[in-house]
Amino acid sequence: MQFKRSVLTGLVAELPPEVWSSDEVERRLAPLYGRLKLPEGRLELMTGIKERRFWPQAIRPSEISALAGRRALEAASVGPADIDLLIHSSVCRDRLEPSTAAYVHGLLGLGPQAQILDVSNACLGFLNAVVLAAGLVESGQIRRALVCSGENGRPLVERTIRMLNEDLTLTRDGIKPYFANLTIGAGGAAAVVSRDDLAGADAIRLLAGAWETDSSANGLCEGDTSSDELDMRTDSEALLAAGVGLAQRCWGRFKVESGWDEATPDRIITHQVGRRHSSLLFERLGLDPAKDYQSFDRLGNVGSVSLPATLALARAEGRVRRGDKAALLGIGSGLASLMLAVEC
């Protein structure tokens, strides 16, 4: 997969104001911790996640996407009439029908010329949407697309805490499938995918990419609604092993497509899960951990928002400079991996 004319511009992260520390999550789990005699501090110790963020009030995914999308349009210096395609790409959505993009379109006041659709692929959705939009740019069918994502993990975390405290039949082994839920956060991200001659000098140029799929692992992390509430169960150990194995195979394809090797990237941005995932991924791919930029310690796992938000934060903090080569290593349950080579 090669790109000649496509760039990202106006990349932004939208972070909620309310901070929940891992200590606070454990305090809310006091009945469970007391009953099972669990040691305090295990959540941060096992994941490296100090805190995650949530909105203090009920908010729809479309509203989060629109918040990020509006800032992306401003940062890219484009208006609603300049957007030919809108893609909402998060795990969370307002409802099954219509598309969440239909609500985002209305909130942003985009024109009738803009196609709309949702792209959903677990935590990989944003990168998938970027690739799809870039393909349309490369083919000349569109000039610009707005890709946005809005994740709200608060209902899942609150439901998980309530269930773990109230279900007195749960044992130490019984709580394991729900542990990953407590790492989830909230946030938004957006960017404009544009033809290069329509963007400014600070745009991120898309160079190449590769993907790999392992659907034999599609049962390792499953989320759904239960009694009108969110529910998710994860085999964390098996998912870690299968995910890193998939990433190794995708990395081989990526090196062929991009012409890069392990030493080429100046910065590496991954989907943010936690400390163990990050350490094992870099070890197995033979990458230098010093090139990693992490956000999971303060944001947790924000689904499809994690990778683009991490890249936006790295740029804002000067950890990614103009001209740097960056490898974007995405993965989502299912399992699917997508890796992009970009020049910032």
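The values are calculated or read from the model by the stated rules, or taken from the named source; none is laboratory data. Owing to the predicted nature of the structure, the values given are computational and were not obtained by experimental measurement. Every residue, glycine among them, receives a Cβ derived from its backbone with ideal geometry; neighbour counts consider all protein chains shown. These area figures cover heavy atoms from the full protein model, side chains too; ligands, DNA and RNA do not enter into them. Shrake-Rupley method; radii C 1.70, N 1.55, O 1.52, S 1.80 Å.
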Okay, helix-only estimate at 222 nm for the chain: each DSSP H run of n ≥ 4 adds -39500 (n - 2.57), divide by all residues, round to 500 deg cm²/dmol; what do you get? -11000 deg cm²/dmol
Given the pairs LYS37/LYS176; LYS255/LYS325; LYS176/LYS291, which span a C-alpha to C-alpha distance of over 20 angstrom in this model? LYS176/LYS291
Indicate the gyration tensor shape class of the range 276-329 (rounded, prolate or oblate), computed on the Cα atoms with a ≥ b ≥ c the square roots of the eigenvalues: a/c under 1.5 is rounded; otherwise a/b larger than b/c is prolate and the rest oblate. oblate
Taking only protein heavy atoms and a 1.4 Å probe, what accessible area per residue, in Å², does the range 114-195 have with all protein chains in place? 35
About the Cα centre, and with charges only on the beta carbon of Lys, Arg (+1) and Asp, Glu (-1), how big is the dipole of the chain? Nearest 20 debye, please. 440
Tell me, what % of the accessible area of the range 241-344 is carbon and sulfur with a 1.4 angstrom probe? 45
Give the accessible surface of the range 218-295 per residue, rounded to a whole number of Å², with probe radius 1.4 Å and ligands, DNA and RNA excluded. 50
Pull out a ≥ b ≥ c, the square roots of the eigenvalues of the alpha-carbon gyration tensor of the range 170-261, then state rounded if a/c is under 1.5, prolate if not and a/b is larger than b/c, and oblate in the remaining case. oblate
Of [x] 1.00; [y] 0.96; [z] 1.02, which is the value of Rg/Rh (Cα atoms, Kirkwood Rh) derived from the coordinates here? [y]
Aspartates and glutamates with Cα under 15 Å of LYS4, excluding same-chain neighbours fewer than 8 positions away: GLU138, ASP196, ASP197, GLU257, GLU343
Rounded to the nearest Å, what's the spacing between the alpha carbon centres of the range 46-76 and the range 270-290? Just the number, please. 24
On the principal axes of its Cα set, how long, how wide and how thick is the range 303-344? Give whole Å, largest value first. 34, 18, 8
Stretchable slack from THR264 to GLU97, in nm (0.36 nm times residue separation minus alpha-carbon distance): 55.7 nm
Within the chain, longest stretch free of exposed trypsin sites (Lys or Arg not before Pro) [DSSP loop, at most 12 other beta carbons within 10 Å]: 173-320
I need to check one value: relative contact order of the range 16-102, counting alpha carbon pairs closer than 8 Å and at least 6 residues apart, in percent. 29
To the nearest 10 degrees, how steeply does helix 125-139 sit against the main Cα axis of the chain, on a 0 to 90 scale? 10
Run the Debye formula on the Cα coordinates of the range 100-202, all scatterers equal and no solvent, and tell me log10 I(q)/I(0) at q = 0.21 1/Å. -1.13
Return the aspartates and glutamates within reach of LYS50: Cα separation strictly under 12 angstrom, same-chain partners fewer than 8 residues apart disregarded; answer none if there are no such residues. ASP23, GLU24, GLU26, ASP297
So the carbon and sulfur contribution to the accessible area of the range 1-85, 1.4 Å probe, in percent, is 52
For LEU11, distant residues with modelled amide H under 5 Å away: VAL192
